There are 2 protein chains.
Amino acid sequence: MATLQLASWAVRLTYPDLTSSVVEAAVNSIYNWAGCAIGGYAQDAPRIAQATIQPFFGGPPTSSILGANGSVSEAYADAQLAAFLNGIASHVDDYDDTHLETIIHPAGPVASALLSVAEWQSPVAGHDFITAFVAGVEAECKLGLSVTPEHYNVGWHITSTVGSIGASVAVGKLIGLDTTQMQNAIGLAATQVVGMQEFFGSMTKSFHIGRAASGGMLGALLAKNNYTSSLQSLEATYGWLHVVSTRENATAYFDQLGEIWEIEKNTFKPFPCGIVLHPTIDAAMQLHKEAIQQDKDISSVKSINLQVNSQVLILTGKTNPTTGLEGKFSVNHAAAVGLLYGEATPTYFTDEAVTNATVVEFRKKVNVTVNDERFAKDQAMVTIEFSDGSTLEKHIEHAIGSLENPLTDADLKKKFLDQVSRRIGEVRAERAHTAFKGIGDMADVGQLRLLY
Amino acid sequence: MATLQLASWAVRLTYPDLTSSVVEAAVNSIYNWAGCAIGGYAQDAPRIAQATIQPFFGGPPTSSILGANGSVSEAYADAQLAAFLNGIASHVDDYDDTHLETIIHPAGPVASALLSVAEWQSPVAGHDFITAFVAGVEAECKLGLSVTPEHYNVGWHITSTVGSIGASVAVGKLIGLDTTQMQNAIGLAATQVVGMQEFFGSMTKSFHIGRAASGGMLGALLAKNNYTSSLQSLEATYGWLHVVSTRENATAYFDQLGEIWEIEKNTFKPFPCGIVLHPTIDAAMQLHKEAIQQDKDISSVKSINLQVNSQVLILTGKTNPTTGLEGKFSVNHAAAVGLLYGEATPTYFTDEAVTNATVVEFRKKVNVTVNDERFAKDQAMVTIEFSDGSTLEKHIEHAIGSLENPLTDADLKKKFLDQVSRRIGEVRAERAHTAFKGIGDMADVGQLRLLY
C-alpha cells in the first residue's frame, strides 16, 4: 500500500497544491543546488567522471549487443550500454548458471561487463580474458559465501549485489589496475548495492544484472582514472560487509582464493526458471514419462502433491502467475508444465504458456507441503493421484543440473544451440558455439563476434 | 584488510595460476552466458531497456553540464550523463543543502535528474518543473524519515539511498507517468541502493549522488516504456523498507504528504563540509573574532577543546586529513581553520589548505569530548586556552544554517555568487542567480541555460 500511496500522491500533485512557501523553498533548494553544481565542477571528481564516461558519449559503437541482429547501429553499442543490455538479456530467461551454495548466478554481471570491455579495448588475448573472468567470479562468489545465508535471507538479490563487485574486479584485472586502483574499483562497485528479491518475476530482476555489470565496469574505469574511493570498503565499519549483512567471514573465504575455485562449482540450468523449482520439474518430467509408459492419461490427474524445501514457497510461491516472467517463480506452473508436457524449455514460460487454459486449470491441482528436514533445496518429492485413485510418486535426490547430477557437455551444447538458433539461425548458432567454446585460446577476443 | 587481500589477489592472478579445470569451467560459464544473452534478447526486458537508453547513445547533447564552459560538446551531454555529472558536481564540495531531521541533502539527486530531463524534453513549464521537484523531495524525505535513524546508523548514505527514489518520482512526475508506471518507477529506483558512509571523504561520496540521479531517472524512463517492476516495492517483505532498515513507518509519514512539507525544512549549508561540523565552525569563527577584538594572538592558542555530539566523531573523525575531501570530514581541521582564519569557505577545504603546515600544527591542538546529553547535532561548545593561561569559550545553541538560525536571503545569494563566479565570472554569475531564482515562472525551463 505504501508504494501505491506515494505513487498516487505524486501523480495527483499539481502546482496549485503547493503553497507559496513551498515554492519558495523549492526555488531556493534548486538554485542552491545549481550553485553547488557549477562551483563543484572545479573539483576533480566530476572531471574524472566526465573523462571516464566521455568515450561512451556519441563515441563509436564498439561492443556487441549479443542477441541483436542487423547493422552496426542495431547490433553494437558503446561498452557501457552493451554491458547493461547483455546483463539484462543474459538473465531475463532465468536460464543462466548457478553457484548453488550462494544461489549466485555468477557469469551474468562479470561476463557482460568483460566482453563489452574486451571488444572496446581490442586486442585482448583469450588467456587474459579468462583470467579476468575467473578473478571476477571468484571475487563475487567468495564474497557471497562470506555473507550467506544472512544477506540473502533478508531479501537481497545476491547475484547483483555481489555481481557489481565481481564485474569491477574482472574489468579492473583486464585493464590492468594496480592494487590501489583495484581497491578503489572494489569500493566504487561495493557502494552500488543493486537488487532485491521483491522484483523476482518482473523485468526488474534482470535489470539488476545489467546495472551490476555496467556499474561494476564503471567503477573499474573510474578507478583507472584515479577516482578515489576507500581502500577498505568491504571490511570497514560502515562498509559493504557490515551494512548489507549481519554476518560476514570474508577473510576466511579469501584465504581460500586460488585453492578452492568457486568457478568449478558453477552449474548450468536445465530449466529457465528459479533454481529451487528444478527438483520439482525434474520429478514432474519423469512422472510424465512414467505415465505414458503405463498408458495413464495425464489429463486425468486430480491432485499433485509436492514436498519441498521452504525456499520454494518463499522464492517461487506465485500461485497464479499472469506473465511468463511470473511463471518462472511459480512452483504451481513449473509442476504443471513438467507433468503436462514432459518438458520445461523457454517455450513453457511465455505469457501465452502461462495463460493457457489447460495449464491454468492444471496449476490449481497443485498442493505444496514444506519439509526442510527431509528436503534440501535440490530435493523434492512429487506425488500425483489419478481420477481412478492410482498414484505415481517420484523422489528427486539431486535435481538435474545440480553439482551431483550435472548437465553433460552434450546437454549444455544442446541448450546453447536451442537458445541461439532461435535468434540467429542454426548455422550461425553452431559457429557461435565454436567461437565461444574457443574463447580462451583466441589471440583477440575482440574478434569473436566476427566468427559467427 | 579484506579489500586489500582481495585486490592484491586479483591483481596478482595470472593465467598460469588457473588449472585446466578452472579454465574449462570458465569457458562453459561464458558460453552458457552468451547463449542466454543471445536467446534472452528476444524478451521484452532488453528491448525496452535498449529503446530507453537509445536516445542517449550518440544522440544530441541536450542537457547542460552545469559548471562546464565552452562549446556544446564541452558543456552539454545527453540527459543521463548530464544528470550523473551534475549530481557529482553538486555534492562534491559538501556545500549543498540539508534536511536536518534525516541528514538528507535533498536537492542533489532530484534536481540533477530533473533539470537534465527538462532540458531534453523542452518545453517544460516552470510550474511543472517545481511541482515535480517538490514531489521528488517530499518522496525522498518522507521515506528518509520513516527509516530514521536506523537506516543511517547502520552505515547507509541516506542522501543517495532515498535520492534515487526521489529522482524517479520527480522525473516520473515531469514525464507524466500514470500511477502504475509511477509505482514501477519507484520500484526500479528502490532496487538501486547506492551509498555507504565509508566513502565519506573520498570522491565516491559525490558519485553516490550522481548515480542516484541517473539511476532514478533511468527508472522513470523505463517505467514510461512499461518496463515492469513491483507495485509494492517499498513495503513488500523483501522490498526496500525491510531490506534497508530495521525500522520503518512509511505510511505514517506518507499520511502527512501535502500537509507537512519537508521542502520547507530544507536548510542551506554555510560551510562546505559535513553538517555536524557546522556548530564547531560557527563557534570557532566567533572565537576568532573575539580574540581579535581582545587583541589576543590566535597563533598562541595552546589547546582547543570541543564538546560535541557523538555523531561528530562517527562521521567527521578524520584527525589527520590529507586531501581537501578528507578535510570536509575532519573536526580537527574544521576547528583549526575556523579559529585561524575566521572563515570556512571552499578555499579552506582544498588539498593545499589541508596540508598547509600552520593548519596541520594547529589541528594537533584539538581535543574532542563527546556529550550527547548536553549537545544535540546542531550544538557545540568550543573552549580555547592561550599560552598565557587565559581562555575564551563559545557555546552554540543552534549553528548558523540550522532551521532556528538560517542563512538569510542575502547569505544565500552571496554563497551562490561566490561559487558560481569562480567558474563563469561575476557578470554571468549574477545572471545565473536571476535565472535560477526565476525558474518557477519560466515558460520553458529548457531555456534556462541561455539566460546566463
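Between region A:319-358 and region A:196-244, the alpha-carbon centres lie 33 Å apart.
Over chain B, DSSP H runs of length four or greater, each weighted -39,500 (n - 2.57), average out per residue to a 222 nm ellipticity of -16000 deg cm²/dmol.
For chain B, the relative contact order is 16 percent, taking Cα pairs closer than 8 Å that sit 6 or more residues apart in sequence and dividing their mean separation by the residue count. Of the accessible area of region A:18-170, computed with a 1.4 Å probe over protein heavy atoms only, carbon and sulfur atoms account for 54 percent. Taking every alpha-carbon pair in region A:2-42 and binning the separations at 10 Å intervals from zero gives 25, 30, 31, 13, 0 percent. With only the Cα atoms considered, region B:63-269 has a convex hull volume of 111 Å³ per residue.
With a cut-off of 18 Å on the backbone N, the residues of region B:334-370 near the modelled label site 7 Å out from B:Glu393 along Cα-Cβ are B:367-370.
Based on the alpha-carbon gyration tensor of region B:79-187 and its eigenvalue square roots a ≥ b ≥ c, which shape applies: rounded if a/c is under 1.5, prolate if not and a/b is larger than b/c, or oblate? Verdict is oblate for region B:79-187. Solvent-accessible area of region B:319-422 (1.4 angstrom probe, protein heavy atoms only): carbon and sulfur portion equals 48 percent. Between B:Ser310 and B:Asn153, the simple spin-label model (points 7 angstrom out along Cα→Cβ) gives 0.9 nm. Take the accessible area of A alone and of B alone, subtract that of the pair with a 1.4 Å probe, and the total buried over both chains is about 14200 Å². Within region A:275-396, the proportion of C-alpha pairs whose separation exceeds 23 Å stands at 21%. Rounded to the nearest angstrom and listed largest first, the equivalent-ellipsoid semi-axes of region B:1-114 from its Cα gyration tensor are 38, 25, 16.
Here B:Thr391 yields copy-to-copy label distances, from shortest upward, of 8.4 nm, the label point defined as 7 Å from Cα along Cα to C-beta.
At a probe radius of 1.4 angstrom, the accessible area of region B:275-396 per residue rounds to 42 square angstrom. Measuring r between the beta carbons of B:Ser20 and B:Ser122 and using R0 = 45 Å, the FRET efficiency lands at 0.15. Modelled this way, with points 7 Å down the Cα-to-C-beta line, the labels at A:Ser299 and B:Thr355 are 8.2 nm from one another. For B:Lys173, a cut-off of 16 angstrom between C-alpha atoms picks up these lysines, skipping any fewer than 8 places away in its own chain: B:Lys224. For A:Asn225, the label point sits 7 Å beyond Cα toward Cβ; its separations from the matching points on the remaining copies run 2.4 nm, from shortest to longest.
For the segment A:126-136, counting C-beta atoms of other chains within 10 Å of every residue's C-beta and taking the mean gives 6. What the Kirkwood sum gives for chain B is a hydrodynamic radius of 23.8 Å, with every pair of different alpha carbons counted. With the simple spin-label model, which puts each label point 7 Å out from Cα in the Cβ direction, the A:Asp418 to B:Arg247 separation comes to 5.2 nm. Positive-end ranking of B:Gln419, B:Ala443, B:Ala432 along the dipole of region B:409-450, with charges on Cβ about the Cα centre, is headed by B:Gln419.
Listed by number, the DSSP H helices of chain B that run 20 Å or longer by alpha-carbon position along their axis and have mean Kyte hydropathy of at least -0.5 are B:20-40, B:126-146, B:158-174, B:204-224, B:278-293. For the protein assembly as shown, the Cα gyration tensor yields ellipsoid semi-axes of 50, 28, 26 Å (square root of five times each eigenvalue, largest first, whole Å).
Per-residue Cβ counts within 10 Å, from other chains only, averaged over A:178-187: what number is that? Please list the in-between numbers first.
Working: counts 2, 8, 3, 2, 8, 7, 5, 2, 6, 8.
Other-chain Cβ atoms within 10 Å of each residue's Cβ, averaged: 5.
Across the identical copies, the label point of B:Thr358 (7 Å from Cα in the Cβ direction) is separated from its matches by 8.8 nm, in order from shortest. Basic side chains Lys and Arg get +1 at the Cβ, acidic Asp and Glu get -1 at the Cβ, and with that the dipole of chain A about its Cα centre reaches some 760 debye. In straight-distance terms, cross-link reach from B:Lys414 covers every one of the lysines whose alpha-carbon lies under 23 Å from its own, apart from those fewer than eight places away in the same chain; here that gives B:Lys265, B:Lys269, B:Lys289, B:Lys328, B:Lys437.
The values are calculated or read from the model by the stated rules, or taken from the named source; none is laboratory data. On a predicted model such as this, the values are computed, not experimentally measured, just so you know. Cβ atoms come from the backbone with ideal geometry, glycine included; neighbour counts cover every protein chain shown. Ligands, DNA and RNA are stripped out before the accessible areas are found, and what is left, the full protein with its side chains, is counted by its heavy atoms. Shrake-Rupley method; radii C 1.70, N 1.55, O 1.52, S 1.80 Å.
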